[in-house]
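The values are calculated or read from the model by the stated rules, or taken from the named source; none is laboratory data. Predicted model only: the values in this text are computed from it and were never measured. Note: ideal-geometry Cβ built from the backbone for every residue, glycine included; neighbour counts use all protein chains shown. Ligands, DNA and RNA are stripped out before the accessible areas are found, and what is left, the full protein with its side chains, is counted by its heavy atoms. Shrake-Rupley method; radii C 1.70, N 1.55, O 1.52, S 1.80 Å.
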Amino acid sequence: MARSRTATPISALSFFLLLLCACPASAAGKHRSRRPCRRLAFYFHDIIYNGENAENATSAIVGAPAWGNKTILAGQNHFGDVVVFDDPITMDNNLHSPAVGRAQGFYIYDKKEIFTAWLGFSFVFNSTEHRGSLNFAGADPLMNKTRDVSVVGGTGDFFMARGIATLMTDAFEGEVYFRLRADIKLYECW
């Protein structure tokens, strides 16, 4: 007579726990470390229009709160100001170095209590080394030494790129000029 083989609930549970322990760490909620497929570093230079520097300005206030105006950044941590920009991108921190592209987009000062902004912009390249664009979006807590914004896509040499750009304020001259260093790590490259 053949013996019937039926699993007991305890043995089925033991088998399930054994499978769970054998699964990769990512299944248990841990992230594996990934290495970037591409690293880049650029500087972009922002010269805000102040009513007197129209020929050199690379950005302008296009929206202001009721207590502000479109020539001078508003008080209260510039809350409510919307600035558009078309800044040169260089390989080093010299404003007069040859531009490898343009940083084009906007930033919105979005908090009264602390100096912070929200960014949406693209690096548009048209040089012998890079062609296409990288697109960025994210919060910029300006008082932090470094801040991360998302690389949300790209075109040309950067088709469908995704990653992180770490921004650092490299220079700040009053409310007229600032320079940011962008250390870019791409984790999806095509």
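Here is a yes/no grid of residues against (1) among the charged types (D, E, K, R); (2) farther than 19 Å from Val100 by Cβ; (3) more than 11 Å from the chain's Cα centre (by Cα):
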| residue | (1), (2), (3) |
| --- | --- |
| Gly120 | no, yes, no |
| His130 | no, no, yes |
| Thr155 | no, no, yes |
| Asp170 | yes, no, yes |
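For the range 38-82, what are the residues that are open to solvent by 40 Å² or more (accessible area, probe 1.4 Å) and polar (S, T, N, Q)?
Those that are open to solvent by 40 Å² or more (accessible area, probe 1.4 Å) and polar (S, T, N, Q): Asn50, Asn56, Asn69, Thr71, Gln76, Asn77.
Quick one: in the range 132-190, which of the residues that are among the acidic types (Asp, Glu) and part of a strand (DSSP E or B) is surrounded by the fewest Cβ atoms within 10 Å (Cβ to Cβ)?
Glu173
If I filter the range 95-105 down to residues being free of Cβ contacts under 8 Å to residues at least 40 places away in the same chain and assigned to a loop (DSSP other than H, G, I, E, B), which single residue comes out as nearest to the chain's Cα centre (by Cα)?
Step by step, filter the range 95-105, then rank; the result is Ala99.
Among the residues of the range 48-80 satisfying the criterion of being part of a strand (DSSP E or B) and not hydroxyl-bearing (Ser, Thr, Tyr), which is farthest from Gly120 (Cα to Cα)?
Ile48
Considering the range 20-47 alone, what residues qualify as being modelled with pLDDT of 55 or more and outside any strand (DSSP E or B)?
Lys30, His31, Arg32, Ser33, Arg34, Arg35, Pro36, Cys37
Could you list, in sequence order, the residues of the range 132-163 that are without any contact (Cβ under 8 Å) to a residue 12 or more places away in the chain and either at positive phi or among the aromatic types (Phe, Trp, Tyr) (or both)?
Scanning the range 132-163 gives no hits.
Could you list, in sequence order, the residues of the range 106-131 that are in contact (Cβ under 8 Å) with a residue 24 or more places away in the chain, assigned to a strand (DSSP E or B), open to solvent by less than 20 Å² (accessible area, probe 1.4 Å) and of a type outside the set (A, V, I, L, M)?
Within the range 106-131, Tyr107, Tyr109, Phe121, Phe123, Phe125 meet the criteria.
Going by the conditions given, is Asp86 of a type in the set (D, E, K, R), out of contact with any His (no Cβ under 9 Å at 6 or more places or on another chain) and assigned to a strand (DSSP E or B)?
Spelling it out, Asp86 is indeed of a type in the set (D, E, K, R), out of contact with any His (no Cβ under 9 Å at 6 or more places or on another chain) and assigned to a strand (DSSP E or B).
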